[in-house]
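Working notes, beginning with the structure itself.
The values are calculated or read from the model by the stated rules, or taken from the named source; none is laboratory data. Computed from a predicted model, the values in this text were never measured in an experiment. Neighbour counts are summed over all protein chains in view; Cβ atoms, including those assigned to glycine, are modelled from backbone coordinates with ideal geometry.
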Amino acid sequence: MRFVTLFRKNCAVVLAALAAMLLATAPAQAAKWYIDNALGDVKAEEKVTPATPAPVQILYEFQRDGTPHPKATKQTKQWVLDALKATGDFSEIVETPVANGAVLSIKFNNVVKKEDLDQAKKDGFKAGLGFGLFGGVVATDHYFVNFEYLAANGAAPIKTEVHHALHMKFGKKEVEIPGTEVKNVTAAVQGVVNQAIARGTNTIVSDPAFPK
């Protein structure tokens, strides 16, 4: 059950039941993790950095299907803070009010579409019958990350949403995955966080209304 524990602890997905079912029939098989290629890293020519970065207060929450998930918030918060610092978009990133009154709210919503879950369960049953030798399961985790920046000058908030995803493959069958393989679930979720944060904050600071 080690895989199920990691599954729940590191990415807080709702497919743990599927993973448990697969392990019951194919304990020797290992899952492979892929970061979806659609979003990617912010390229050098796309990167926008404020001429004079200012401090910002961060309000962060991880959600599962729109419902706050305190445990996952705690587990992923440091990754989010580190990713924000790596952008260079702000001079200081803290969770308490800052002198200029700026606030950046980030809601990281993990969504599993019902049709994807139903199909994964069906595919998982097929893979289980062959102990993973002939079947292949691909389960996709969707992340919708909402950013809202509030400046102290009373201007309208600047908002953007970033969609990202990670894929889990289980079984021997060759299945085409639209993603880049990483070594484990921790690297997968952290990679999704890093790319989503970089893309979202770049869009925020690129907005003409962002304080220059």
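Only residues that are closer than 18 Å to Thr186 by Cβ and touching a Ser or Thr at 6+ places or on another chain (Cβ under 9 Å) were counted in the range 58-78, giving 1.
Could you list all residues from the range 76-92 that are in a strand (DSSP E or B) and out of contact with any Leu (no Cβ under 9 Å at 6 or more places or on another chain)?
Those that are in a strand (DSSP E or B) and out of contact with any Leu (no Cβ under 9 Å at 6 or more places or on another chain): Ser91, Glu92.
Yes or no: the range 161-180 includes at least one residue that is surrounded by fewer than 20 Cβ atoms within 10 Å (Cβ to Cβ) and under 29 Å from Pro97 (Cβ atoms). Yes, there is a match, as at least one residue in the range 161-180 is surrounded by fewer than 20 Cβ atoms within 10 Å (Cβ to Cβ) and under 29 Å from Pro97 (Cβ atoms). Pairs meeting the criteria (first residue in the range 63-75 and assigned to a loop (DSSP other than H, G, I, E, B), second residue hydrophobic (A, V, I, L, M, F, W, C), beta carbons under 8 Å, at least 6 apart or on different chains) are Asp65/Val14; Asp65/Val111; Asp65/Val112; Gly66/Val111; His69/Ala12; His69/Phe62. Residues in the range 165-194 that are at pLDDT 95 or above and among the acidic types (Asp, Glu): 1 in all. Close contacts from the range 35-52, counting a first residue that is within 30 Å of Thr140 (Cβ to Cβ) and a second that is in a loop (DSSP other than H, G, I, E, B) and modelled with pLDDT of 95 or more, with Cβ to Cβ under 8 Å and a gap of 6+ residues or different chains, come to none at all. Could you say whether any residue in the range 84-106 is in contact with a Lys or Arg (Cβ under 6 Å, 6 or more places away or on another chain), touching a residue at least 40 places away in the same chain (Cβ under 8 Å), of a type outside the set (D, E, K, R) and within 26 Å of Ala165 (Cα to Cα)? No.
Within the range 181-212, the residues that satisfy the criterion of being crowded, with 20+ Cβ neighbours inside 10 Å, of a type outside the set (Val, Ile, Thr) and closer than 17 Å to Thr140 by Cβ are Ala188, Gly191, Gln195, Ala196.
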